[in-house]
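Structure record follows, encoded as C-alpha coordinates.
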Amino acid sequence: MNKEEYRFAFEVYDSIEELSKQDAWLLNEARGVTESAYAPYSNFNVGAVAKLANGEIVAGTNQENASYPVGLCAERVLLASASTLYPHIAIDAIAISYNNNNGESNHPISPCGICRQTLVEYEERVKQPIRLILSGMEGKVYVIEKSINLLPLSFGSVDLK
Ligand code: THU
(Lines give C-alpha, C1' and ligand atoms only; values in the text may rest on other atoms or scores of the structure.)
Protein backbone atom coordinates (compact mmCIF):
# COMPACT_ATOMS: atom_id res chain seq x y z
CA MET A 1 0.00 0.00 0.00
CA ASN A 2 1.19 3.51 -0.81
CA LYS A 3 -0.17 6.73 0.50
CA GLU A 4 -0.48 9.70 -1.79
CA GLU A 5 -0.88 13.20 -0.47
CA TYR A 6 -2.54 16.18 -2.08
CA ARG A 7 -1.67 19.65 -0.79
CA PHE A 8 -2.02 23.11 -2.15
CA ALA A 9 -1.20 26.54 -0.88
CA PHE A 10 -3.10 29.73 -1.64
CA GLU A 11 -2.64 33.38 -0.87
CA VAL A 12 -4.76 35.14 1.74
CA TYR A 13 -4.96 38.94 1.72
CA ASP A 14 -6.65 40.97 4.43
CA SER A 15 -8.38 43.21 1.91
CA ILE A 16 -8.47 44.36 -1.71
CA GLU A 17 -5.95 47.07 -0.81
CA GLU A 18 -3.17 44.50 -0.61
CA LEU A 19 -3.69 43.25 -4.18
CA SER A 20 -1.78 44.32 -7.27
CA LYS A 21 -3.45 47.07 -9.27
CA GLN A 22 -4.66 44.64 -11.94
CA ASP A 23 -6.10 42.10 -9.49
CA ALA A 24 -7.79 44.87 -7.48
CA TRP A 25 -9.34 46.23 -10.67
CA LEU A 26 -10.70 42.82 -11.66
CA LEU A 27 -12.12 42.19 -8.20
CA ASN A 28 -13.81 45.58 -8.20
CA GLU A 29 -15.42 44.72 -11.53
CA ALA A 30 -16.68 41.42 -10.08
CA ARG A 31 -18.11 43.26 -7.08
CA GLY A 32 -19.84 45.71 -9.41
CA VAL A 33 -21.30 43.15 -11.77
CA THR A 34 -23.12 41.38 -8.90
CA GLU A 35 -25.75 44.06 -9.62
CA SER A 36 -26.58 42.27 -12.88
CA ALA A 37 -27.30 38.92 -11.24
CA TYR A 38 -30.78 37.51 -11.61
CA ALA A 39 -31.22 35.83 -8.24
CA PRO A 40 -34.74 36.54 -6.98
CA TYR A 41 -34.98 33.15 -5.23
CA SER A 42 -31.74 32.98 -3.28
CA ASN A 43 -31.07 36.74 -3.07
CA PHE A 44 -27.44 35.71 -3.39
CA ASN A 45 -26.00 37.77 -6.24
CA VAL A 46 -22.79 36.41 -7.69
CA GLY A 47 -20.50 38.23 -10.13
CA ALA A 48 -17.52 36.84 -12.00
CA VAL A 49 -15.19 38.76 -14.30
CA ALA A 50 -12.37 37.28 -16.38
CA LYS A 51 -9.31 38.77 -17.98
CA LEU A 52 -8.47 36.82 -21.10
CA ALA A 53 -5.00 36.26 -22.52
CA ASN A 54 -5.89 38.59 -25.42
CA GLY A 55 -6.73 41.41 -22.97
CA GLU A 56 -10.51 41.13 -23.33
CA ILE A 57 -12.77 41.23 -20.28
CA VAL A 58 -15.77 38.89 -19.97
CA ALA A 59 -18.32 38.85 -17.15
CA GLY A 60 -20.96 36.45 -15.86
CA THR A 61 -23.62 36.53 -13.15
CA ASN A 62 -25.86 33.86 -11.70
CA GLN A 63 -29.15 33.42 -13.53
CA GLU A 64 -31.87 31.70 -11.54
CA ASN A 65 -35.22 30.27 -12.57
CA ALA A 66 -38.54 29.48 -10.92
CA SER A 67 -37.67 25.89 -11.73
CA TYR A 68 -34.69 25.99 -9.36
CA PRO A 69 -32.34 23.42 -10.96
CA VAL A 70 -32.45 25.38 -14.22
CA GLY A 71 -30.42 28.19 -12.63
CA LEU A 72 -26.85 28.83 -13.70
CA CYS A 73 -23.88 29.93 -11.61
CA ALA A 74 -22.00 33.11 -12.50
CA GLU A 75 -18.83 31.14 -13.27
CA ARG A 76 -20.48 28.95 -15.90
CA VAL A 77 -22.30 31.88 -17.48
CA LEU A 78 -18.90 33.57 -17.78
CA LEU A 79 -17.15 30.52 -19.22
CA ALA A 80 -19.90 29.93 -21.78
CA SER A 81 -19.67 33.57 -22.90
CA ALA A 82 -15.87 33.56 -23.06
CA SER A 83 -15.85 30.34 -25.05
CA THR A 84 -18.46 31.73 -27.46
CA LEU A 85 -16.94 35.20 -27.93
CA TYR A 86 -13.27 34.19 -27.88
CA PRO A 87 -12.97 30.46 -28.57
CA HIS A 88 -9.51 28.96 -27.91
CA ILE A 89 -8.31 32.03 -25.98
CA ALA A 90 -6.89 31.28 -22.54
CA ILE A 91 -8.21 32.94 -19.39
CA ASP A 92 -5.53 34.50 -17.20
CA ALA A 93 -7.66 35.19 -14.14
CA ILE A 94 -11.24 35.25 -12.89
CA ALA A 95 -12.38 37.39 -9.96
CA ILE A 96 -15.50 36.12 -8.18
CA SER A 97 -17.56 38.09 -5.70
CA TYR A 98 -21.07 38.02 -4.28
CA ASN A 99 -23.59 40.21 -2.55
CA ASN A 100 -25.81 38.30 -0.14
CA ASN A 101 -29.01 40.26 0.39
CA ASN A 102 -29.94 37.97 3.28
CA GLY A 103 -26.71 38.31 5.22
CA GLU A 104 -23.04 39.24 5.20
CA SER A 105 -20.83 39.42 2.14
CA ASN A 106 -17.50 39.70 3.91
CA HIS A 107 -15.72 36.41 3.32
CA PRO A 108 -14.52 34.72 0.12
CA ILE A 109 -16.67 32.04 -1.52
CA SER A 110 -15.24 29.48 -3.88
CA PRO A 111 -16.85 27.88 -6.92
CA CYS A 112 -19.32 25.01 -6.50
CA GLY A 113 -18.47 21.49 -7.64
CA ILE A 114 -20.06 21.76 -11.09
CA CYS A 115 -18.23 25.03 -11.75
CA ARG A 116 -14.92 23.51 -10.63
CA GLN A 117 -15.40 20.73 -13.16
CA THR A 118 -16.15 23.32 -15.87
CA LEU A 119 -13.17 25.51 -14.92
CA VAL A 120 -10.83 22.52 -15.00
CA GLU A 121 -11.96 21.50 -18.47
CA TYR A 122 -11.37 25.08 -19.69
CA GLU A 123 -7.82 25.01 -18.32
CA GLU A 124 -7.25 21.67 -20.00
CA ARG A 125 -8.65 22.83 -23.35
CA VAL A 126 -6.55 25.97 -23.68
CA LYS A 127 -3.58 24.54 -21.79
CA GLN A 128 -3.25 27.38 -19.34
CA PRO A 129 -4.16 27.64 -15.66
CA ILE A 130 -6.88 30.06 -14.55
CA ARG A 131 -6.01 32.13 -11.45
CA LEU A 132 -8.95 32.67 -9.13
CA ILE A 133 -9.40 35.82 -7.05
CA LEU A 134 -12.13 35.20 -4.48
CA SER A 135 -13.76 37.71 -2.16
CA GLY A 136 -17.06 39.11 -0.98
CA MET A 137 -17.97 42.79 -1.20
CA GLU A 138 -15.39 43.46 1.51
CA GLY A 139 -12.87 41.63 3.64
CA LYS A 140 -10.34 38.92 2.92
CA VAL A 141 -9.28 37.87 -0.56
CA TYR A 142 -8.06 34.40 -1.54
CA VAL A 143 -5.90 33.98 -4.62
CA ILE A 144 -5.67 30.46 -6.00
CA GLU A 145 -3.02 29.81 -8.63
CA LYS A 146 -4.98 27.35 -10.75
CA SER A 147 -8.49 25.91 -10.71
CA ILE A 148 -7.28 22.31 -10.80
CA ASN A 149 -6.09 22.87 -7.22
CA LEU A 150 -9.75 22.89 -6.20
CA LEU A 151 -10.53 19.56 -7.87
CA PRO A 152 -7.95 16.88 -7.10
CA LEU A 153 -8.32 13.49 -8.79
CA SER A 154 -10.69 15.08 -11.27
CA PHE A 155 -12.47 13.18 -14.01
CA GLY A 156 -11.50 14.50 -17.43
CA SER A 157 -11.42 13.87 -21.16
CA VAL A 158 -8.36 11.63 -20.79
CA ASP A 159 -10.48 9.14 -18.86
CA LEU A 160 -12.80 8.70 -21.84
CA LYS A 161 -10.00 7.56 -24.16
N1 THU B 1 -23.72 30.54 -7.10
C2 THU B 1 -22.86 31.02 -8.06
O3 THU B 1 -23.28 31.69 -9.02
N4 THU B 1 -21.56 30.76 -7.92
C5 THU B 1 -21.00 30.13 -6.85
O6 THU B 1 -19.78 29.97 -6.80
C7 THU B 1 -21.85 29.65 -5.75
C8 THU B 1 -23.31 29.75 -5.99
C9 THU B 1 -25.14 30.89 -7.22
C10 THU B 1 -26.07 29.78 -7.53
C11 THU B 1 -27.38 30.30 -6.97
O12 THU B 1 -27.98 31.17 -7.94
C13 THU B 1 -26.96 31.17 -5.80
O14 THU B 1 -25.58 31.44 -5.99
C15 THU B 1 -27.16 30.50 -4.45
O16 THU B 1 -26.60 29.25 -4.44
Tell me the label-point distance for the pair Ala53, Ala9, using the 7 Å Cα-to-Cβ offset, in nm and rounded to one decimal. 2.6 nm
Which trypsin sites (Lys or Arg not before Pro) in the range 57-148 sit in a loop by DSSP (not H, G, I, E or B) and have at most 13 other Cβ atoms within 10 Å of their own Cβ? Lys127
Just the Kirkwood number for the range 15-161, please: inverse of mean 1/r across all distinct Cα pairs, in Å, one decimal. 15.3 Å
Where the accessible area of the chain is counted over protein heavy atoms with a 1.4 Å probe, how much of it, in %, is carbon and sulfur? 52 percent
In nm, to one decimal, how far is the modelled label at Thr84 from the one at Ser20, with both set 7 Å along Cα→Cβ? 3.1 nm
Dimensions (Å) - the range 20-106, Cα atoms, principal axes, largest first: 36, 28, 13
Once you place label points 7 Å from the Cα toward the Cβ at Ile109 and Glu145, how far apart are they in nm? 2.8 nm
Output the relative contact order of the chain, whole-number percent, from Cα pairs under 8 angstrom with separation of 6+ residues. 24 percent
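Just subtract the alpha-carbon distance of Asn43 and Asp159 from 0.36 nm times their residue separation and send over the number in nm, one decimal.
Values: separation 116, 0.36 × 116 = 41.76 nm, distance 3.79 nm.
Net length gain for the segment: 38.0 nm.
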Which value, in Å², gives the accessible area per residue of the range 67-150 when a 1.4 Å probe is used on the protein heavy atoms? 47 Å²
Only Cα pairs within less than 10 Å get springs; with that Gaussian network setup on the chain, which residue of Ser20, Ser81, Ser147 has the largest fluctuation? Ser20
Hey, got a sec? Which chymotrypsin sites (Phe, Trp or Tyr not before Pro) in the range 92-161 land in a DSSP loop and have at most 12 other Cβ atoms within 10 Å? Phe155
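Could you order peptides 7-18, 99-110 by the average number of other Cβ atoms within 10 Å of their residues, highest first?
Details: 7-18: 12.1, 99-110: 14.1.
Per-residue Cβ counts within 10 Å, averaged per peptide and sorted highest first, yield 99-110, 7-18.
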Along the Cα-to-C-beta direction of Arg125, a point sits 7 Å from the Cα; which residues of the range 59-83 have their amide N less than 18 Å from that point? 59-61, 72-83
Explain nothing, just compute: Karplus ³J(HN,Hα) = 6.51 cos²θ - 1.76 cosθ + 1.60, θ = phi - 60°, for every residue of the range 127-137 in order, whole Hz, x for Gly and Pro. 6, 8, x, 9, 6, 10, 10, 10, 6, x, 6
Whole-Å distance linking the alpha carbon centroid of the range 100-160 with that of the range 9-71 is 12 Å
Taking amide H positions as placed in the peptide plane 1.01 Å from N, state which residues far from Leu72 in sequence (5 or more) or on other chains have amide H under 5 Å from it. Gln63, Glu64
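The values are calculated or read from the model by the stated rules, or taken from the named source; none is laboratory data. In this text, all values refer to a predicted model and were calculated from it rather than measured experimentally. With ideal geometry, Cβ positions are generated from the backbone for all residues, glycine too; neighbour counts draw on all protein chains shown. The area values use the complete protein model at the heavy-atom level, side chains included, leaving out ligands, DNA and RNA. Shrake-Rupley method; radii C 1.70, N 1.55, O 1.52, S 1.80 Å.
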